[in-house]
Structures are given as C-alpha cells and as structure tokens.
1. Could you give the length gained by full extension between Tyr72 and Met318, i.e. 0.36 nm per residue of separation minus their alpha carbon distance, to one decimal place?
2. Report the net charge of residues surrounding Ala215, where surrounding means a beta-carbon distance below 14 angstrom and charges are Lys +1, Arg +1, Asp -1, Glu -1.
3. Taking the Cα centroid of region 187-243 and of region 331-389, what is the distance between the two, rounded to the nearest whole Å?
4. So between Val272 and Ala191, what do we pick up on full extension, going 0.36 nm a residue minus the alpha carbon distance?
5. Provide the FRET efficiency to the nearest 0.05 for the Ala463-Thr138 pair, computing r from the beta carbons and using R0 = 60 Å.
6. Tell me the label-point distance for the pair Glu153, Asp370, using the 7 Å Cα-to-Cβ offset, in nm and rounded to one decimal.
7. At a 1.4 Å probe radius, which order do Thr629, Thr371, Thr159, Thr69 fall into by accessible area, largest first?
8. Ordering His552, His482 from largest to smallest accessible area (1.4 angstrom probe), what's the sequence?
Amino acid sequence: MKKYVVCCVIILMVVIISACGRGEVDIGEARTTRILPPATLGVYYAERAEELAIQAALAAERAERHPLTALYSMRERFPTASSSTDMPIEGGHLRVAIPADMPFAGILNPVFQSDPRDGGIIDWFGGGSLFSSQPNRTFGQDGIVTWTHDMYEKTITLTQVEDVYWHDGVPLTLDDLVFAIETIATSGYVAAGGQRFGESIQRIRGVWDFHNGDAAYISGLILSEDKRVLTIHFTDFPPSILYFGVWSTPYPRHIFGNVPISEQPNHYRSRVAPIGFGPFVVQNIVAGESVYLVANENYWRGRPYLDSVTLQIISTEMLATLMLNGEFDIAEWRLQDFEKLPEPSNFHYLGDVANSFGVFAFNLGYFDADTNRIVSFENPRMGDVRLRRAMAYAIDVETVAETIFGGMRFPATSVIPPGHADFLHSELRGFPFNPARAMELLDEAGFIDIDGDGYREDPEGNAFEIYFAVGSSHQNEMLAMHYRQNWADVGLNVRISLRDFQNDLTENIFRPTGIREPFDLVYLNWSAGFDPNPNVLWGHNTSNIPRYMNPHLETSLEGFNSPDAWEMSWLINHYHQWQEYFNEYVPAIITDWRVNLTAVNNRVTGYSPFNLYEDGKRTRGGVHRIQVTNENRSKR
C-alpha cells in the first residue's frame, strides 16, 4: 500500500507541475488564462473521473491517520530550548535573521502594528504584557502586576509590584495601561489602521460610551491615586478573560498622549526611535531592513546577558547558505529547506506546535462600523454552503504540506488549533481530500459544466469565475497554483491575484464598510493567540475575515461569554459544538496545522523561542537570558 500511495502522489505532482507550466498568475487587472485549453480540459475533466475516485479512496485511508498523531510525533523530534555545556562568555553580539522577500513595514508600535515581522521586532524591546504567563496560557502572578478576579462582580484587579521604567527613564504605571485601552477604544482608531478593537476591549464597562463620544473616560477603569492599582469592570466575564483575554500591554501616555490618533502609527516614536520597557533598547533602524538594539541596563528583570542584537531582513533564498556560513545566530526556518539540511553541523533546530493556521476566508459580508456588527451580504457569490464545502474537499492539503512545507504542516480538522488542546474536538476529521465528494456537492448546488469546456457555470447558467487573493511571494504563488489546479480538477475556474498585503491588507481585507471587495476568497496565515474564545477571531469584530454570521453561530459565540462557561465540562462541550457548527457552515477553510522551526547557531544557549513561560515567569522565551559561548559563530 505504501508504494501505491507514493505512486498516486507522483501522478498528482506531474499533473500539478505541468499545469503550472501552462498557467498564468493574474496580477491586478491582468487577463485571465485558463489552466488548460478549453477543449483539452473538457476531455481531461472526464478522463479524471476514475482517477479522482481512486484519490477519494486514498483520502479515506488518510483520514484514518489523524493529523494530530503525525503533528505531535514531529514535535517530539525537536527540543524547545537551546542549551550548551560550554561556558558562556560575558556579553556578546547576536545576529538574528528575519527571512522575508520584502521590507518590514516598520510600524514598531504594539497598538498599531499589523505586520508579523514588526511584531517579532517589538518582542525584543517592547516589554509585552504586564502579566506573567503560566504553562496553560493563563495569567500568572510573577509579572509586573499581580491580580485577583471576582466572577460575580465581573472584575479583575491589577496591583503593580515591580518598579519599571520606559527606555527614556520615565516610570511606567498602570495609567499607561489605561491609556492603551483608551487609544484602542477611540473612535478614530480603526480608521487609523488599528486592528485590536475587539472583544477584549469592547467587554470593558463604559467602552462604548467612550467610543461614541458620550463620555470623556472609560467608567470601567478605576485607577488608584498612586496609579499602582487598577480595577477593570466588565459587562460580561467569561473564563477566557484569564487566558490573556484582556488587553495587558501598556502604551506610554507621556509620549503619545497629545498625539492625534491618526498620526500615531507614523510618529517618530513608532518608526524612527520606538520606545518600550523591554530587555533591549532600539538604537538604530535602517527602514525596512534592519534594527540594532543594545542592552537595557535598567531592565526590571536584570540586565540582559548580551550586549547587543541586530535584527536583519534577509532573502528567503539565502537563509540556508547564510546560516551554514555562520553569518547569523538565529533564524525562523523555512520549512521547505528542512529536508535539504536534515543534519546541519554548525546549527540546530528548535521546534514546537504552532498556535497558528492557514485559512481560506470567503467574502461573505462586511463589518458595519456604525453598529459594530458583522452583516452578511444578501446574496454573496460564495453564499452556497455546498460550494464552500466542495472547495474544502477539493484541495489536497497533505500533498501541499509535503511538497512545499517539507512535511512540517498537517491537514487541519478544526478551527481550534492544537495549541488549545483542552478545547480541541479531536474526533473531527474536517475536510479530507475527496474530489469525488466535491463534484457531488457542486452538482447538487447546480454548478454544472453546461458548455462542455471543463468549467462549471453557476445555477443560472452564467460563467462562474472565482477571484482568489493571496500575498505576493514565491511560496504563496506555488501554493496558489497547487490549489488552483485542485479546484480546476473539479470544474471550478479560479483566478489568482497576488497582492501586497503589507500595504493593502487594511484597505482590502479589513475595510469596515459595506463595499464588496473584488475577491471571493483570500488566503492568510492567522494566529489564535492566547485567548481561545472564538469571539476574538470569528465574532462581531474586524478580525472576522469572512465577515460571516448566522443565528446558530451567534448563539454559540454568546455562550462562551455566559456564566455557564465557568463550568469546565460545559465549556469543553460547548467548544466541541462550536467546532461542529464551524465545519457545518464553512465560513472559512482551515487548511493546516504546523510545526514551527527555528535554526540556532551552536554557540547560542538559553534561548527558548516557543515558550512564553520560564520558571512560571513570562520572559518571551527568556531573550534577556540568551548567552553565547564563543565570540565567533560556528561555521560548517
């Protein structure tokens, strides 16, 4: 059977490669070219029926091997922390590669950043949450603040127990946390590019009065006179609040307090000399290319062991060569390079299960900024759930994971990622590759190939073309071509549009208006974060990419914020029900779960990129504890 599986994969890859050679990727308004000539595709489509049936049998076999088994098995191959028996030297300079084929956006402001590369840079100097984190992703008591909560009064009270200073020497207080919440709740925040006005902010009492201009302050934020104690009152108090379900990163009022909201993302202190309270201090930025940081002598956990750090954008194609040559100490590893260098001699891999996933989001509605609600389009092009299910069954995620991502990604079966294992519905199988089932669903929905050209028309007999937007990169282009061929195999005509999401993500994906954007489907990599509450990503907020809501989903989402949610068995059952609903309505296709890898030079010790806790304390993987054992990096 093993040989049979390999043969099927090879046959499929030959088809994909030949299709990629004939096809064109459309950019913007460029013309659409069919993957195969119409006459050829008509014959090809018919001849594929038997092969697709064979692949359906293969899909059934794959479904017996739950992706979680392979995922956890892969994770066990790698340590999560870098350690060495060699004696560390004093000080030292660390070089960190940020693999990317375009510059980082450069909004190094925790309230406004949206580029994950910007977020990764902020991690080195920003300071992060005032709370520590526990291994179960809940608030700990070893951070800058301790806390208590009262589920009946719907409050959480923070007490600042550490003296902390911003990099310019000004004391940090809990008023800076109040200011962060006020900034995000300001009416002009979303228009300025902010993306964090969601559940964690909206459930604070008095936020809407402040947002609408009916109050000068947020009544649910009660700050002591010395600014060291803050009580936050909520309109509802689900248990997910304790899973970092409340905004907990301060924002310097003394810097941005008098700066208009529209100017803050591009302010000098956001782009040129960003400020934080973390272990390193930004000393120089080459826009879009690199950041040089030095140790914060007054870091509240103690001076970092390292003297300085350089974070630098490098071409993804150069990553392996530069790491082998000892040019960098640390790099997020490209999965497709892993198989090429399974056992490098001068660096090693750290790995862990990611709390992120790939997602195809359908264009099904819009966010009404006046009511702050998701509103479904009356007649969305992708509105038939059978069409959405068919597109999910049609894609061969496993082959893509093996060929593009080096076997480090795995077909997802649920909207809840493995990082929230307590709530994952492990019995679900999602949408295993099954083109035969996809064609059945399309036939049932009335999408039929009327003119015999191999592409299906819509139920009214009109030509049906699906507009698919994906971020512009070589890897994404390969991924898009694979999936476009999968959809063509079942008769769907998909046009690819490569987009610069760094510059037009806010405009084209998160625009809070009723204007339908010129795409039907978008692919993004998304993170579930610490808070497992689905309201964060799929509720009435701008993070709901497909802009989809129906009464069943809405009722289910409301349950996560109810008093019942404090009873664990009820909550787990409710999470399972939510995941079943999501798979039933398919507002988005969750494609894959993944193992993240980081390449680390052999001279580095004390680095743990995936652990946000260490001895019960939130240390961002302990970046202030990173050390090196030699002045020079190891080379191959």
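The values are calculated or read from the model by the stated rules, or taken from the named source; none is laboratory data. These figures come from a predicted structure and were not determined experimentally. Cβ sites come from the backbone with ideal geometry, for glycine too, and all protein chains shown count toward neighbours. The accessibility values were calculated without ligands, DNA or RNA, using every heavy atom of the protein model including side chains. Shrake-Rupley method; radii C 1.70, N 1.55, O 1.52, S 1.80 Å.
1. 85.6 nm
2. -2
3. So the separation of the two Cα centres works out to 29 Å.
4. 26.9 nm
5. 0.70
6. That separation, rounded to one decimal, is 4.0 nm.
7. Thr69, Thr371, Thr159, Thr629
8. Putting His552, His482 in descending order of accessible area: His552, His482.
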